[in-house]
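Heads up, the thing below is written out as C-alpha cells.
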Amino acid sequence: MNKTIWNRSICLVLTLLFAASVGIPPAQAARKLPVVRIGLVKDGPPGRLPDITPLVKKEILDLTSREFDVRFPAAKSIDGGWEKEKIERSVDKLLADPEVDLVITLGYLATNYVCHKGKLPKPVVAAIVGDAKLQNLPLKGGASGVRNLSYIDSFVSFERDIKVFRDMVPFNHLVVLVRRTTLESIPWLEKKLRQTAYEYTIDVDIVPVEFSADRALAACPSETDAVYLLPLPQMTPREFRKLIYGMILRRLPSFSMLGVADVEAGVLASNAPKDQFLRLTRRIALNVQRILLGEKASNLKVAFPLGEKLTINMATGRAIGFYPSWSALTEADLLNEEAERVERRLSLQSAVRESLAANLDLAVQNRNVAAGEQVVKQARSVLLPRVDLDATGEIIDDDRAEFSGGATPERSVTGSVTASQLLYDEDSWSNYSVEKRLQTSREEQRNTVELDIIRDTAVAYLNVLRAKTLERVEKDNLKLTRANLERAQVRVSIGIANRSEEFRWETEIARNRANVLFAQARTRQTENRLNRLLSRPLAEKFVTIETDLRDPLLIVSDSRLFPYVDNPHNFRTYSDFMVAEGLEIAPELLGFDAAIAARERILTTAKRAFWLPSLAAQGSVSELLAESGEGKRSDSSLDDTDWRVGVFATFPLAEGGGKFATIKRAREELSRIQLEKEATSERIEQRIRSALHQASASYPNIRLSRSAAEAARRNLDLVADQYARGLVSIVDLLDAQNSSLRADQDAENAVYNFLIDWMDIERAFGRFDFLMTPEQRQEYFQKLKQFFDMAGVQPIKR
C-alpha cells in the first residue's frame, strides 16, 4: 500500500512539473476541465466576404481556456449552401444533436430562423443579425426573453440608412436588392420595406437576387434613381463586381447595409463601421463564456451598437458624377479619394521669411526706400561740378554785323562749354543733409512695417494652427455624440429610456455637424488670410508644421529664461529690461531721431541765412564754328575762341520777414517732432508692459486650462458610464459633454493665446526670437544678465 501511495506521489509531482513547464496552472493540471462542444451554422460556404469563423473560435478559446475545454468538432460546423430549407435543417440538426452543447449561428438566415423558433433545447448564440426591427426579433427587457436564446443586435437600421442615403443623393425611385431566400425566410420583410419607403415618399421596387448579376440588373426598372443593397453574401466576387459595374454604367448611386467591404468593392456608400466583425467576434465570445458560466441565455442583453460611420467610394462617385456635400464630409471616410498632392510646407519661420520676401505692403515700403535713395543722390548732385554744352546758330542784320568789327558776324554758328561749381551754398548743403536723414527715417519706417508684417504673419500662422486644432476638437465631440447616441439606443432597448433620448442625441449630432462645418470654414478663412500676407493665391493649399511651447526657435522654450521671470520681483526687473532694450532699438524711435536731426539741420540753415552768402565759380569756353556775311571775324584781328572765368557771391539782404518766419517754423516743427517721439516712447513702453502682463496671465493659464480639461474629461467618463447604466439622465450627460468640450477648447486656445501674446511682446520689443541667430540669442541673454547684475537682482533657479 505504501508503495502504491509512493507511486501516486511520484506521478503527481511529475504531472505538476510538466504542467509548470508548459505554463498550465497546477490547480488546472490537477483537475480535468469540463468539455464543451460547440456547433456552428453558416448560411453558405465562404465566398466574397471574410469568413469570421476562425476569429470566433480564437476569441472563444482565448477567453475560456482556463475554465473549459472548448472544442469545435469539424462535423458540427455546417453550412446551408445558401438554401432556406438546408439552412433550417442544419440548425435543427445541431439543436437535436446530443454531442453539441451550444450552437452559434453565423449567417443572417440561420440567425433569423433560430430566433423565431421559440423555446430552444440548448443555448444558442445568434450572432449575425440584419435589422432586428425588420426581422421582428423577440425582445423583452433588453434581452430575448426566449429560453436558451441570446442574439446580438448591432442596431443596423434600414430606416436610418435610407435617411443617410437620401441626404447624400436625392432620389424618388429606389430599388432594394435582397437575397431571394431572405424574402422566403422573412415573409413580412417586403411589406416592412415598402412601409419605410412610403414614410419617406419613395417609390420602391424589391428585386430578389440569387447568383446572377445580369438577372438582377435586368430586373431593375428604367426609372430607378438609386439602389440599396441588403447583404448579398451568396454572390461570387466576380458576379458582385459585375453587379456594381452595371450600376455604375447606369450612373446609379448605391448604398450597402453590409458595410465597408461592399464599398471597397465599388458600392458608393455605407453607414456601417469598418471594424464591426472584430468587435462582433469578441461579443460572441463573451456571450458564450457567460452562458457556460451559468447565466441564462434568455437574460443576456442583446444590445451591441457598433456605431455608424459613413464611408464613400470616391472612385465610384466620380464615375457616376457624384460628389459628397459639405455636411456629408464632416464625418465621412473617403476611399479612393484623389488626394491633392500638397508640396508646399510652412513652418512659423518659413512663413515669416516668405512674407518678408513677397508681401506687397513691404514691397511698397521697399520701393519708397529705393526712391528715397535717388532723392539723396539728386540732392548731392547740386554740390558737384556741373558742365553744360551749348551750340548756337545766329543771324543778325548786316549793318550791326559790319559795325561789330568781327565780334558778331552776320551769320554764325558757335559752340561752348560751361563749367560751374558751388563753392558753398547753405541751402544746398542743408538739403543734402536733410535728405540723408529723411532717408534714414524712411528706412526705419520700412523696418516698422516689416515688424508689423512679421507679427501679423506669425499671428496668422498661429491662428491657422488654432483653427485646425479646434476643428479637430469639434470632430472629436461629434464622435462622442455618436457614441452617446449608441448609449441611448442601448438604454431604449433595455427599457430604461424612451425614444425621445435618441431624438435628442440626433438633434445634438446635427448641431455638432454644423459646428464642424463652421470650424472648417474658419480654418479656410485663416488659411486665406495667411496666403494674402504671403502674396500667394488665396485658395492655394499648404501643410503646416506644428509650433508649440517646445519649439526650439522660440525663446520661451529656452530654460535660461525662466529664472528671470520666476516670480513677481524678477518679472518687474525683466519688464524694465525689455522696456530699456525696446526703447533703444524701436524703429519708430530711430525714425524720429532721424527726423529730429533733419529739423535741427533746417533750423541751423535758417539761422545762417542772416549772415552767410552763397559762393559759386564758373568758367566757359566758346568756339566760332562757322561764319558768313558782313563783319566776319576772319576779316578782323579776333580769333575764333573766347573764354571767361568768374567767382560769384550772392546774399539776399531782405526777404520781407521770410527769414524770421523760417526760423520760427523750424523751431515749431522741431518741437512737434520731439513731442511726437516722447509720446511714441510712452506708447511703446505701455505696449511692452501690457503685452508682458498679458503673457504673465496667459502662460500659467495653459497649465490651469489643461488641468480643467483633464478633470472635465474624467467627469465625462464617469457620467457617461453612469448614463449607460441608467443612473443619470440625458441632461446630466449633455452638461458633462458640453463642459468637457468647452474645457478642451479653452485648453487648446490657451496655448495659442500665449504664443500670440508672446508675438505681441516681441513686436513691441522690436525683435523676434525665432529669427535670431544663435549668436544674437547669446548676446540677448548676456545683456539680460548684465541688466540684472546692475539692478542688484539675482535670478532664482529652482
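Quick notes on this one:
- With kT/(6 pi eta Rh) evaluated at 37 °C and eta = 0.692 mPa s, and Rh the Kirkwood radius from Cα pairs, the stretch 199-276 diffuses with a coefficient of 253 µm²/s according to Stokes-Einstein.
- What a 1.4 Å probe finds exposed on the stretch 640-798 is 52% carbon and sulfur by accessible area, rounded to a whole percent.
- Farthest towards the positive end of the charge dipole of the chain, among the residues Trp758, Trp643, Ser493, is the Cα of Ser493, using unit charges on the Cβ of Lys, Arg, Asp and Glu.
- Kirkwood Rh, Cα atoms: Rg over Rh of the stretch 335-452: 1.45
- Measuring nothing but protein heavy atoms, the accessible surface of the stretch 480-622 at 1.4 Å probe radius is 58 percent carbon and sulfur.
- Taking 0.36 nm per residue of sequence separation and removing the Cα-Cα distance, the Ala357/Phe542 pair yields an extension gain of 64.8 nm.
- With a Förster radius of 22 Å applied to the beta-carbon distance between Arg380 and Val645, the computed FRET efficiency rounds to 0.30.
- Residues with amide H under 5 Å from that of Lys309, placed H, sequence gap 5 or more: Ala272
- The value for the stretch 511-608 of Rg(Cα) / (2.2 N^0.38 Å) is 1.89.
- When you filter the trypsin sites (Lys or Arg not before Pro) in the stretch 28-104 for DSSP loop state and at most 16 other Cβ atoms inside 10 Å of their Cβ, you are left with Arg31, Lys32, Arg66.
- What the phi angles of the stretch 426-433 give under the Karplus curve with 6.51, -1.76 and 1.60, with θ = phi - 60°, is a coupling list of 4, 4, 5, 5, 5, 4, 5, 5 Hz, glycine and proline written as x.
- Relative contact order of the stretch 67-213, defined on C-alpha pairs under 8 angstrom at six or more residues apart (%): 18
- Of all accessible heavy-atom area on the stretch 250-295, the percent that carbon and sulfur account for (1.4 Å): 51
- For the stretch 482-584, GluC sites (Glu not before Pro) are listed when DSSP marks them as loop and at most 13 other Cβ atoms sit within 10 Å of their Cβ; the list is Glu540, Glu546.
- Spin-label pair Asp476-Ile320: with each label point 7 Å from Cα along the Cα-Cβ axis, the two points sit 3.6 nm from one another.
- Solvent-accessible heavy-atom area per residue, rounded to whole Å², over the chain at 1.4 Å: 51
- Summing +1 for each Lys or Arg and -1 for each Asp or Glu among the other residues whose beta-carbon sits under 13 angstrom from that of Asp642 gives -2.
- Angle between the chain longest axis and helix 658-724 axis [Cα atoms, degrees, rounded to 10]: 10
- Taking 0.36 nm per residue of sequence separation and removing the Cα-Cα distance, the Asn738/Leu389 pair yields an extension gain of 117.0 nm.
- Placed amide H near Leu346: partners under 5 Å, 5+ positions off or other chain: Val543, Thr544, Ile545
- Rounded to 5, percent antiparallel among DSSP beta bridges of the chain: 50
- HN-Hα J in Hz across the stretch 296-309 - Karplus 6.51, -1.76, 1.60, θ = phi - 60°, x for Gly and Pro: 6, 4, 5, 9, 6, 5, 8, 5, 8, x, 8, x, 10, 8
- Reachable lysines from Lys677, criterion Cα separation under 24 angstrom, eight or more residues apart if same chain: Lys436, Lys664
- Estimated inter-spin distance, Trp611 and Arg251, nm [label 7 Å along Cα→Cβ]: 9.7
- In sequence order, calculated HN-Hα J values of the stretch 57-63 (Karplus, 6.51, -1.76, 1.60; Hz; x Gly/Pro): 4, 4, 4, 5, 5, 4, 7
- Per principal axis, descending, Cα span of the stretch 380-509 in whole Å: 135, 35, 16
- For volume of the Cα convex hull per residue in Å³, calculated from these coordinates, the label among (1) 181; (2) 354; (3) 254: (2)
- A simple spin-label model places pseudo-atoms 7 Å from Cα toward Cβ; at Glu343 and Ile796 they are separated by 5.4 nm.
- Total charge dipole magnitude, the chain, about the Cα centre, Cβ charges on Lys, Arg, Asp, Glu only, Debye to nearest 20: 6120
- Entries of Lys192/Lys242; Lys42/Lys93; Lys42/Lys309; Lys86/Lys117 with Cα pairs more than 20 Å apart: Lys192/Lys242; Lys42/Lys309
- Rounded to whole Å, sorted largest first: equivalent-ellipsoid semi-axes of the stretch 711-797, Cα gyration tensor: 49, 16, 10
- Figure note: Leu177, Leu718 ranked by solvent-accessible area, largest first, 1.4 Å probe, ligands and nucleic acids not counted: Leu718, Leu177.
- Summary value for the stretch 354-463: 38 percent relative contact order, contacts being C-alpha pairs under 8 angstrom separated by 6+ residues.
- Gain on full extension, evaluated as 0.36 nm per residue between Ser707 and Arg725 minus their Cα-Cα distance, stands at 3.7 nm.
- With contacts taken as Cα pairs under 8 Å and at least 6 residues apart, the chain reaches a relative contact order of 11 percent.
The values are calculated or read from the model by the stated rules, or taken from the named source; none is laboratory data. Just so we're clear, the structure is a prediction, and the values are computed from it rather than from any experiment. Every residue, glycine as well, gets a Cβ built from its backbone with ideal geometry; the counts of neighbours run over all protein chains shown. All accessible areas refer to the heavy atoms of the entire protein, side chains included, with ligands and DNA or RNA removed. Shrake-Rupley method; radii C 1.70, N 1.55, O 1.52, S 1.80 Å.
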